[in-house]
Each structure stands twice: as C-alpha cells, then as structure tokens.
Amino acid sequence: MSDNLNIALIQTALVWENPQQNRTNFSEKIENIKEPVDLVILPEMFTSGFTMQPSHVAETMQGETISWLTSLASKKQFAITGSLVIEENGNFYNRMVFVHPNGKIEHYDKRHRFTLAGEHKVYTAGSKKIIVDYKGWKICPLVCYDLRFPVWSRNTVDYDVLIYVANWPAPRITAWDTLLKARGIENMCYCVGVNRVGTDDNNHEYSGHSAVYDVLGTRVDTIPFYEEAIEIITLKKEHISNYRSKLNFLSDQDQFSIM
C-alpha cells in the first residue's frame with residue numbers, strides 16, 4: 001500500500017516493425033532512469049509502431065518481448081506497461097500488458113479498433129475492461145482510440161488512475177489533449193496519456209503530447225511536444241481522496257450497464 005505512486009512516461013520514436021531494436025532502445029532509456037520509479041509506461045505497439053501487418057511482428061505471451069518485460073520488471077523492481085501485437089488462438093490482438101515486479105502479468109485487449117486505419121480488419125476486439133491493483137492503487141489501462149469513447153472508461157469502481165497508451169497522429173492531437181483532460185475530470189482520477197513521436201513508415205507524423213492530468217483536469221507534467229522525453233511524475237492518493245470527498249461528483253453519475 002503506497003500513498004504515492006511514481007510513474008515514468010517514456011515518449012519516444014519507434015522503429016518500424018522491428019521488435020528487437022525497439023526493445024534495445026527502450027532498455028537503454030530505462031537504464032538511464034536513476035530516480036525511484038514504481039511504474040514505467042511505454043506507448044501503444046511499442047515494439048513495432050502502429051502496423052496493420054500483424055503477422056510481421058506478432059508474438060505470443062511466451063515470446064521474447066514478454067520475457068524481456070518480465071525480466072526488466074524483476075530486475076528493476078517496478079511494474080511496466082504498454083501494448084504490443086499478440087497472436088493467440090489464431091487471432092491478432094493489440095494487447096496492453098501490465099507486468100508486475102513479481103512476474104504476474106495482466107492484460108487488456110483494445111476494444112475500440114481504429115477503423116480509419118483498417119485496424120478492425122486485422123485485429124480482434126477485446127471485450128473486457130480490467131482494473132489492475134498495484135501497490136494499493138487501482139489502475140485502468142486503455143489503448144489509444146478507446147479515448148474517444150467515454151462510456152467505456154466510466155469510473156464505477158473508484159479506480160485511481162486511467163492510462164492511455166497511443167500512436168495518436170499530429171493532425172488530430174487537439175482531440176487527444178482535450179479528451180485526456182476530460183477523462184480525468186469526469187472520472188475524478190489521474191489521467192495519463194503516453195504517445196509516441198517521430199514519423200512511421202506510412203508517413204504519419206506523431207507529436208507526442210504525452211501528459212498527466214489530475215482530478216481537476218490540471219496538467220501536472222512538463223513533457224515537451226515533438227521531442228523524445230522521459231518524465232517521472234508522483235501521483236498522490238491524498239489529492240484524489242480530498243477532492244472526491246469534497247466534491248463527490250461520482251456519486252451523482254447516471255446508473256446504466258454496457259450490454
């Protein structure tokens with residue numbers, strides 16, 4: 001149980017469809033983190049970029065990247081999360097994994113596939129939202145396009161942190177900024193977004209805009225736009241409890257279920 005949670009956001013360019021090189025690059029960046037960290041957050045499809053050719057990069061849950069994540073989490077004694085392409089039972093998933101220091105692995109399969117890019121044609125949609133319990137913090141992990149659908153992130157279980165990992169392109173970055181802030185406000189939680197930078201092999205440009213918003217929608221990080229960056233932010237349980245007790249907005253939300 002921890003009153004504070006130190007999270008490291010890694011905003012970086014990705015090497016197209018090259019898991020080995022991306023793992024190497026992330027290893028170097030993580031080795032340079034000297035401050036105490038509880039959780040490291042990587043972007044969406046951090047081993048490949050946002051590819052619609054999953055067979056080029058797909059791994060299994062017993063593959064090299066999961067082994068690398070598990071080893072890293074154990075060695076550094078922090079949790080690590082991000083999404084990658086996983087093949088399972090003949091299907092491809094854009095799967096966000098949450099790897100605990102003790103080796104436990106939880107995962108969330110992206111529910112809302114990005115039809116504009118044809119993601120729905122090659123990836124299978126997830127059907128379940130998960131809540132990760134880590135160091136006494138309830139964390140809801142979601143992926144990129146999920147950000148546009150507030151009902152899916154609706155906070156009915158008093159989670160503390162909402163995390164979105166993304167490959168969100170520069171032309172629509174205003175929506176990313178606006179919706180991250182909104183999700184934090186409406187769910188009375190910390191809302192964390194980790195996006196990539198650089199240009200992919202489809203010539204899509206990414207401007208980063210990774211950010212952390214608090215319960216009131218105030219941005220509490222200083223991550224630069226368009227540049228590679230690593231920033232460590234301390235989330236505070238007291239901030240959440242104080243404002244939820246004072247304002248109590250979550251108790252007034254409409255009651256309904258997703259069918």
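The values are calculated or read from the model by the stated rules, or taken from the named source; none is laboratory data. Computed from a predicted model, the values in this text were never measured in an experiment. Glycine gets a Cβ as well: all are built from the backbone with ideal geometry, and neighbour counts include every protein chain shown.
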Test Val37 against the stated conditions and say whether it is modelled with pLDDT of 95 or more, over 15 Å from Ser83 (Cβ atoms), surrounded by fewer than 24 Cβ atoms within 10 Å (Cβ to Cβ) and in contact with a helix residue (DSSP H, G or I) (Cβ under 7 Å, 6 or more places away or on another chain).
no
Any idea how many residues of region 208-224 are surrounded by fewer than 14 Cβ atoms within 10 Å (Cβ to Cβ) and among the hydrophobic types (A, V, I, L, M, F, W, C)?
1
Taking only region 113-144 into account, find how many residues are closer than 29 Å to His204 by Cα and among the aromatic types (Phe, Trp, Tyr).
2
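Quick check on region 236-258. Is at least one of its residues within 18 Å of the chain's Cα centre (by Cα), closer than 17 Å to Cys140 by Cβ and in contact (Cβ under 8 Å) with a residue 12 or more places away in the chain?
Step one: filter region 236-258 for residues within 18 Å of the chain's Cα centre (by Cα), giving none.
Within region 236-258 (the criterion being within 18 Å of the chain's Cα centre (by Cα), closer than 17 Å to Cys140 by Cβ and in contact (Cβ under 8 Å) with a residue 12 or more places away in the chain), the answer is no, since none of the residues qualifies.
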